[in-house]
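First the structure, in the form of structure tokens, and then the observations on it.
The values are calculated or read from the model by the stated rules, or taken from the named source; none is laboratory data. The structure presented is a predicted model; accordingly, all values stated were derived computationally and were not measured. Positions of Cβ are backbone-derived with ideal geometry, glycine not excepted, and every protein chain shown enters the neighbour counts. Side chains are part of the model used for accessible areas, which takes the heavy atoms of the whole protein and leaves out ligands, DNA and RNA. Shrake-Rupley method; radii C 1.70, N 1.55, O 1.52, S 1.80 Å.
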Amino acid sequence: MTHQPVPADGPATAGAAAKRRIPLIAKVYGVLCIVTSIAALALSVLIIVGFTWAFFRGTLDLSIDTSVANLIIFIVETALSLALFVLLLVLGINLLRNRRRGAAQTAEAASFATTGVIACEIMLNGISGLNVPIIVILVVSIVLASWLDPSLTQERELQRKLRDMETREQAEEGTLGLDETGRGYITLNFFNLFWIFVVASVIGLVLETVYHVVIVDPGHYQDRAGLLFGPFSPIYGVGAVLMTMALNRFHKAPLVVVFLVSAVIGGLFEFVASWFFQFAFGLVAWDYTGSTLFGLCPDPVAVLFQGRTSTLFMCMWGVLGLAWIKLLLPWMLRLVNLIPWNWRYTLTTICAVLMVADCMMTLLSFDCWYERMAGNQPESAMEQFMARNFDNEYMAERFQSMTINPDDATRAGR
């Protein structure tokens, strides 16, 4: 039986990328993941068994003064931590067995679990409660998810080579980010999703500013920025990323389907974001308590979600989702493809680092703002730096749409 040769740029390329051996340093990290996760899981099991035994024997002290919110956050963090340990165990096994795609998918899941653990820890203990290992796990998981994925490896090689004229024409025409399989509109890779976040953050800020000047408080300008530096409102950036991921394969779906999915995703994300910032830092950026339906009756959505979202704003998210998927996403793709193909990864990496730094500085500024408003004097070098450069007056001026009340936070020991 004879075998036909496979074209150099055909399936063999993806197969070679998938079978390429994982470097030794990644396998060493895999061993650390296995050892650490097994030890952590064993310790967790012993602790859970101990608490359960003490509870049934009636020797467990339940008089600890804590709120229901703190208890819920602690339970969620514990569940996410256990899930993270399991994912790290699976990740280590995949790395040792040279399973690139499985390792990439597990690393991606681990990055989401780690992000949840970090968010819970900030709500309980502030940024000062974070430790270096959890941040290292997040960074390494994100890097591994991108580096090990065979499809991304193949794409990077294709971008570096671009040997055939057809690929060069696609790069010049700005269609490189389209999903060639036809299952979705665009390829859901880091490059596309990052620039969706950036562009939507800017567009969202402009729309919200105009809405406030024209509708909410006619003629009065208010800075609606959500980050310490730059014209960005990240809630719209994250919302656009979530909508793109959810609706990418349904970009040709009926308008009512796109509207409903966008409304639900936007409303739920608005609720989670409001919940996080209030419980972590005592910050309130929006409150729809008291909203009504056409002035006739209380808004049931606002009541159900405690004023963190409302029917009106869920409908606005639905309209934004329609406009994004049907109109703005194609325009955004053409805009981003103005970046020369040979600069794409370098420029994206630099901008991503700057954006991460901006987000981290913003969270640090919120944390220090909370501590000062709670009556705690700056002690560490970082707290003193933030107090000198981003004091209470600066923060109130920069984040004009936000109010802060430390009593609304749920930090342990507050």
Solvent accessible area, Å² - E208, 1.4 Å probe, full protein context: 40 Å²
Apply the Karplus curve 6.51 cos²θ - 1.76 cosθ + 1.60, θ = phi - 60°, to the phi angles in the range 84-94 and return the couplings in whole Hz, x for Gly and Pro. 5, 4, 5, 5, 5, 5, 5, 4, x, 5, 5
Along the three principal axes, how long is the range 251-324 when you take its alpha carbons, biggest first, rounded to the nearest angstrom? 41, 32, 16
Residues I350 and V68, FRET efficiency given R0 of 51 Å [Cβ-Cβ distance, rounded to 0.05]: 0.70
Carbon-plus-sulfur fraction of the accessible area of the range 301-414, 1.4 Å probe, in percent? 65 percent
Grab the beta carbon distance between L338 and V202, set R0 = 22 Å, and tell me the FRET efficiency rounded to 0.05. 0.90
Within 12 Å, Cβ to Cβ, of C351, how many net charges do the neighbouring residues add up to if Lys/Arg are +1 and Asp/Glu are -1? 0
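May I ask you to compute the full-extension gain from R57 to S44, defined as 0.36 nm times their residue separation minus their alpha-carbon distance, rounded to one decimal in nm?
Between R57 and S44, full extension yields an extra 2.7 nm.
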Quick check: net charge around Y211, other residues with Cβ under 13 Å of its Cβ, Lys/Arg +1 and Asp/Glu -1? -1
P(r) of the range 29-118 in 10 Å steps, Cα pairs, percent per bin? 16, 37, 28, 14, 5
Let me make sure I get this right: for the range 284-414, a, b and c are the square roots of the gyration tensor eigenvalues over alpha carbons, sorted descending. Under 1.5 in a/c it's rounded, otherwise prolate if a/b > b/c, else oblate. Which is it? oblate
Under a 1.4 angstrom probe, counting protein chains only, how are E270, E108 ranked by accessible area, largest first? E108, E270
Everything considered on the Cα gyration tensor (a ≥ b ≥ c; rounded for a/c under 1.5, else prolate if a/b is larger than b/c, else oblate), the range 342-414 must be described as prolate
Quote the charge dipole size of the range 194-345 about the Cα centre in Debye, to the nearest 20; the model charges only the Cβ of Lys and Arg (+1) and of Asp and Glu (-1). 660 debye
Within the range 72-106, find all residues whose amide N lies under 14 Å from a label point positioned 7 Å from the Cα of T36 along Cα-to-beta-carbon. 81-82, 84-93
Contour excess over end-to-end distance, with Cα ends at C359 and V210 and 0.36 nm allotted per residue: 51.2 nm
Tell me the net charge near T115. Cut-off is 14 Å between Cβ atoms, T115 excluded, with +1 for each Lys or Arg and -1 for each Asp or Glu. -3
